[in-house]
Structure formats: structure tokens, C-alpha cells
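All of the numbers you see were taken from the coordinates with simple rules; none came from a lab. What you are looking at is a predicted structure, and each value in this text was computed from that prediction instead of being measured. Cβ: placed from backbone, ideal geometry, glycine included. Neighbour counts: every protein chain shown.
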Amino acid sequence: MLMTKLVILFIIFFLSNLIGKMIAGKYRYRYEELKQMKSALNMFKTKVKFTYDTIPEIFEEISKNFNRNVGQVFQNAKVKMDYKSAEESWKESIEESENNMTDEDKQILVMMSKMLGKSDVDGQISQIDITLEFLEKQLENSFEEKNKNERLFRKLGTIMGLTLVTILV
């Protein structure tokens with residue numbers, strides 16, 4: 001009976017820690033995804049400026065160079081461009097993406113779709129630059145949130161676990 005109680009208390013403590021780490025991880029993953037998205041958009045800007053590749057070809061290459069969440073956004077947009085405009089494809093791909101970005105982050109990325117494939121090279125580059133400026137602000141905010149909340153939720157998970165174990169003992 002005592003052994004069963006100890007095992008249950010250990011499981012409660014372990015799960016509380018795990019939940020705290022999972023919540024803390026969302027802040028870290030958001031920051032990492034925003035950094036990668038910024039790099040991907042810089043790559044997109046460079047490709048648009050210096051190559052004659054089409055947007056689907058550029059998106060295909062970008063999707064191969066980045067992790068599953070950011071790369072998947074570009075891959076989905078590329079696939080949708082077979083039967084939709086670049087604007088609609090990018091917008092839908094961002095909205096359907098399963099990542100740790102906030103709605104505000106996604107709205108900034110959707111904003112880029114307005115000129116995608118509709119204007120000349122300079123117009124698209126200026127739209128990418130505007131998106132990158134807004135994304136930089138989001139990146140700074142996510143860094144501050146990560147620093148503030150990551151430790152908080154890890155410690156909170158541990159404290160809640162210890163509290164529950166203490167109450168149940």
C-alpha cells in the first residue's frame with residue numbers, strides 16, 4: 001500500500017514538472033520559429049532579387065532548408081499555387097499552419113500576401129522588407145516573453161508538483 005502511494009505521488013510530481021516544461025517550451029518554440037521564418041523570408045527576398053526562379057520554385061527550395069513547421073508553411077503554399085493565386089496560397093498556408101506562433105504573428109505574415117506575385121520585383125521586395133520589420137518586433141517581444149515566462153512555468157510546474165505531493169501525504 002505504501003509503495004503504491006509513493007509511486008502515485010512520484011507520477012503526480014513528474015507530470016506536474018512535465019506540464020510546466022511543456023508550457024515553457026511553447027515560448028521557446030515560438031521564438032525559434034520566428035527566427036527561422038525571418039531567415040526564410042530573407043532567403044525568399046534574396047531569391048526574388050537575384051534569380052529568375054518562380055515563386056513556387058523558391059518556396060520549394062525554402063521548404064527543404066527549414067524545419068518542419070516553417071518549411072511546411074512554404075511547402076503547403078507551393079502546393080496550393082498549382083490551383084490558386086500566390087496570395088491565396090500563402091494566406092491559407094499561414095492560417096492552416098500548426099505551429100507556436102500567435103495570431104498576431106500569423107497576421108503579420110499574411111500581410112505579405114497582398115503583393116505576392118502581383119507586383120514587380122521591387123514591389124515584392126519592399127513588401128518582404130515591411131513584413132521583416134514587423135516580424136523583427138515580434139521576435140523581440142517573443143524573446144522577452146521567453147525569458148520572462150520560460151523559467152516561471154518550469155518552476156511553477158515543480159512547485160505545483162511539490163504542493164500536490166505535500167497535500168496528498
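Observations, loosely collected:
- Over the chain: helical MRE at 222 nm, DSSP H runs n ≥ 4 each giving -39500 (n - 2.57), nearest 500: -29500 deg cm²/dmol
- Legend: residue pairs LYS21/LYS137; LYS106/LYS148; LYS26/LYS64; LYS21/LYS47; LYS21/LYS64; LYS45/LYS80, Cα-Cα distance threshold 32 Å; pairs beyond threshold, LYS21/LYS47.
- With a Förster radius of 30 Å applied to the C-beta separation of GLU98 and ASP129, the computed FRET efficiency comes to 0.65.
- Each of LEU34, ILE23, MET3 was scored by the projection of its Cα onto the charge dipole of segment 2-168, and the greatest displacement toward the positive side belongs to MET3; charges sit on the C-beta of Lys, Arg, Asp and Glu.
- For the chain, relative contact order (Cα pairs under 8 Å, six or more residues apart, normalised by length) works out to 38 percent.
- Alpha-carbon centroids, segment 140-169 and segment 1-73: separation in whole Å: 21
- FRET E, pair ILE159, MET3, Förster distance 22 Å, beta-carbon r, rounded to 0.05: 0.30
- Here Cα extents along the principal axes in Å was calculated from the structure, and among (i) 115, 45, 29; (ii) 65, 37, 25; (iii) 73, 30, 22 it sits at label (iii).
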